[in-house]
Amino acid sequence: MNRAVLSLSLMSLLSTPALADGGFYGDPPDATHPWAIHDMNRPQPPRVEPGTFSSQDRPGTPPSDAIVLFGGMAEEIEKWQADKQPAEPTKWEVKDGVLQCVPGSGYIRTKEEFADCQLHIEWSAPSKVEGNGQGRGNSGVFLMGQVEVQVLDNYNNPTYADGFASSIYGINPPAANALHAPGEWQTYDIIFRRPIFKEGQEIDPGYITVFVNGVLTQDHTPLEGGGGHKTRSQSRAFPEKGPLKLQDHGNPVRYRNIWYRPLPKRFVDGGEYSRMTPEATAAKRAQIAEKIRSEANQKEGQAKMLSLFESLCYASNDEAKNSALGMLDGFTNEVKNLPAEKLATQKGEILQVTKALRYLTKFQFLPQELEAKKVLEGMIEANAWEKK
Ligand code: MG
């Protein structure tokens, strides 16, 4: 190779700016984790503009990605219907920005159907206290129309614990009674995961977490089939989705500020959230490796070489490996032949490539005895580029 060709290829090899956060950092992917620790290839969380909290006087605003089921407008009654077959309009009323149960008119359900969600809902029991136990300010929030998070005025009103406000009715009492007085607004924030069955086998029992006025009352409580009145429910499959239902239990309970956010799908539900099986992890790693290789082919020089090497951390690929090793030999030979003053200008690149090689050999993506690594480390030592 003559000098002109050498310096041209060297320029293309070395001119790419250093990669920001360029991998080779945290522990690599393993059998059940498709991403490395602190992996910059892992997708960024989607941006959500947060809403505002409610006060007693006024409801807050939902976050930007929430689906609003009732935000205070009269026409939003159209999002609901009487829980009857065939469906018919509900007789519940919207007054002063509030959705109110009309006793005797029956449950209502949303036209919208959904499953795993973060649900926000606020309710208020009548300020005129009537009845006791289950008869005072009773309603209910039914996730997927099946699991009741109890709504009940339990302010100085005892009842059976598994029928308390924010109990999973018939399943689990709340961990605390954090209710305001009747007539005041109570806030439920609920995280719901439906049960998942495959071929009749329970894969995930489904869980529910509830905060009442900001106080945790249900902590990842298993659904055990969803509960019910008097009868012990059995673990069972749920449909893919269902409506949200609100109960008419004969009390004019009021609701406001009802919204939900769909949750990312769990691995057991076909998504990528939560721990994955080795098979799913291997498939995901292959997909990530493929993406990095295809991006590498849009790059040049050192950036391309490092990307090809990086792809090996997700899935082995002889073509990518041989191509990157070939580029590494080229890189090493060229810096080896640089005069001292030119070599100093490549300090950053040499350190970066060496860092990658140390990572790749440490985690056995490349053989421990790698000639190029020894050569580059020799240069670093000779020039004292690393602080002791
Ligand atoms: Mg109820």
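The values are calculated or read from the model by the stated rules, or taken from the named source; none is laboratory data. What you are looking at is a predicted structure, and each value in this text was computed from that prediction instead of being measured. Note that we place each Cβ from the backbone using ideal geometry, even for glycine, and neighbour counts take in every protein chain shown.
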Original post:
Can you tell me which residues in the range 147-169 are surrounded by 21 or more Cβ atoms within 10 Å (Cβ to Cβ) and more than 10 Å from the ligand (Cβ to nearest atom)?
Top reply: 147, 153, 154, 157, 164, 166, 168
**OP:** Say whether the condition of being among the charged types (D, E, K, R) and either in contact with a Leu (Cβ under 7 Å, 6 or more places away or on another chain) or crowded, with 19+ Cβ neighbours inside 10 Å (or both) is met by at least one residue in the range 234-247.
**Re:** yes
Original post:
Within the set of pairs 6+ apart or on separate chains, which have a first residue in the range 21-40 that is among the hydroxyl-bearing types (Ser, Thr, Tyr), a second that is in a loop (DSSP other than H, G, I, E, B), and C-beta atoms under 9 Å apart?
Top reply: 25/36; 25/37; 25/38; 25/39; 25/40; 32/275; 32/276; 32/277
Original post:
Mind checking which residues of the range 94-125 are more than 16 Å from the ligand (Cβ to nearest atom) and among the hydroxyl-bearing types (Ser, Thr, Tyr)?
Top reply: 110
Original post:
If you check 364, 352, which single one turns out to be closer than 18 Å to residue 307 by Cα and outside any helix (DSSP H, G or I)?
Top reply: 364
Original post:
Does residue 101 meet the test of being of a type outside the set (Ser, Thr, Tyr), in the same structural domain as residue 186 (by TED's automatic domain parsing) and within 14 Å of residue 242 (Cβ to Cβ)?
Top reply: no
Original post:
Among the residues of the range 90-133, which ones are outside any loop (DSSP other than H, G, I, E, B), surrounded by 16 or more Cβ atoms within 10 Å (Cβ to Cβ) and without any contact (Cβ under 8 Å) to a residue 60 or more places away in the chain?
Top reply: 94
Original post:
Across the range 219-233, which residue is nearest to residue 173 (Cα to Cα) among those that are within 15 Å of the ligand (Cβ to nearest atom) and surrounded by 21 or more Cβ atoms within 10 Å (Cβ to Cβ)?
Top reply: 227
Original post:
With (1) exposed (fewer than 15 other Cβ atoms within 10 Å of the Cβ); (2) under 40 Å from the mean Cα position of the chain (by Cα); (3) on the phi < 0 side of the Ramachandran plot as the list, and residue 378 as the residue in question, which single condition is left unmet?
Top reply: (2)
**OP:** State all residues of the range 248-271 that are within 16 Å of the ligand (Cβ to nearest atom) and either buried (at least 17 other Cβ atoms within 10 Å of the Cβ) or not small (Gly, Ala, Ser) (or both); if no residue qualifies, say none.
**Re:** 248, 249, 251, 252, 253, 254, 255
Original post:
Filtering the range 175-198 down to residues that are at pLDDT 95 or above, in a strand (DSSP E or B) and of a type in the set (D, E, K, R), which residue is nearest to residue 149 (Cα to Cα)?
Top reply: 189
Original post:
Mind checking whether some residue in the range 203-214 is modelled with pLDDT under 95 and surrounded by fewer than 16 Cβ atoms within 10 Å (Cβ to Cβ)?
Top reply: yes
**OP:** Identify the residue in the range 233-277 that is on the phi > 0 side of the Ramachandran plot and part of a loop (DSSP other than H, G, I, E, B) and, among all such residues, is farthest from the chain's Cα centre (by Cα).
**Re:** 250
Original post:
Quick one: what pairs do we get from the range 62-87, first residue on the phi > 0 side of the Ramachandran plot and surrounded by 15 or more Cβ atoms within 10 Å (Cβ to Cβ), second modelled with pLDDT of 95 or more and assigned to a loop (DSSP other than H, G, I, E, B), C-beta under 7 Å, 6+ apart or different chains?
Top reply: 72/59; 72/97
**OP:** Tell me which residues, restricted to the range 137-146, are more than 11 Å from the ligand (Cβ to nearest atom) and outside any strand (DSSP E or B).
**Re:** 144, 145, 146
Original post:
Which of (1) modelled with pLDDT of 95 or more; (2) farther than 22 Å from residue 242 by Cβ; (3) more than 16 Å from the ligand (Cβ to nearest atom) does residue 128 not meet, given it meets every other one?
Top reply: (1)
**OP:** Name the one entry in 310, 341 that is within 25 Å of residue 33 (Cα to Cα), among the acidic types (Asp, Glu) and not in a loop (DSSP other than H, G, I, E, B).
**Re:** 310
